[in-house]
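Below is one structure, written out as structure tokens; comments come after it.
Each value in this text was obtained by applying a stated rule to the coordinates, not by laboratory testing. Note that the structure is a prediction, hence the values are computed from the model and not measured. Glycine gets a Cβ as well: all are built from the backbone with ideal geometry, and neighbour counts include every protein chain shown.
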Amino acid sequence: PFPLRDFAIGAIAGVLGFGALIVFFRALEGGVMSIVAPTTSAVAGLLPVTAGLILFGEQPGPFGIVGAAIALIAIVLLSTSETANQSALTNRQSLILAIIAGAGFGSFFVVIGQTEISSGLWPLAGARAVSIPVGIALLMATGSGQPRNGAIRIAIFSGVLDMAGNILTLLALQRGLLSLIGVLASLYPASTVILARIVLHEDMTRKQLSGIVLALVGVALISTA
């Protein structure tokens, strides 16, 4: 039978995730990435941990708890650049928007993690059933110009990777503890930093290198939980 409940849960998660993305971009417009990005990532990782432990009574064990704590620190370090300045610290509006965006991303994990294994990928179909029409409507409303062919190819490739990541995250959330899977899914800045080094030949900061090391330690501890 069609899993209407989990499809609806996915639709709710889609609203949260897409709304968080819009708020995140607004935060970047008015603030500095070195402040907005780590704030958003930290909140997005912290919310599933808190919900899993307090609301759902999960017990990941000592190694899992320590690993999750280390992973949260890694998320902040990986998302931080060396361009922070004092004016960014006083930009309260962007900071508030970053927190809201992080809460939205974290809520996406919490909500879609309540679906059943038997529903398969239908929750993601529900999420896309909401986010794609809204995205098209916003694109038409803003009157954006026709993208170049190169940009279209990159967007399609990025969309495939994004969908693959969402599928793996959903499957993990349906089978594992929210408090651990949520923080692991929030470690995506690690791959961004590594790919920036390999593809764009960007230099890694000491904080980012430390974040990668801590991320590996956190993942190792969580895997033993």
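Details
- Among (1) 41, 21, 14; (2) 28, 21, 15; (3) 26, 25, 17, the entry that matches semi-axes √(5λ) of the Cα gyration tensor in Å as calculated here: (3)
- With R₀ set to 30 Å, the beta-carbon distance separating Arg153 from Ala220 gives a calculated FRET efficiency near 0.25.
- With contributions of -39500 (n - 2.57) from each DSSP H run of at least four residues, the per-residue ellipticity at 222 nm computed over the chain stands at -26000 deg cm²/dmol.
- Each residue, Val66 and Arg175, gets one label point 7 Å from its Cα in the Cβ direction; the gap between the two is 2.7 nm.
- C-alpha center-to-center spacing [region 1-43, region 90-113] in angstrom: 7
- Dipole moment magnitude, nearest 20 debye, the chain about Cα centre, only Lys, Arg, Asp, Glu C-beta charged: 200
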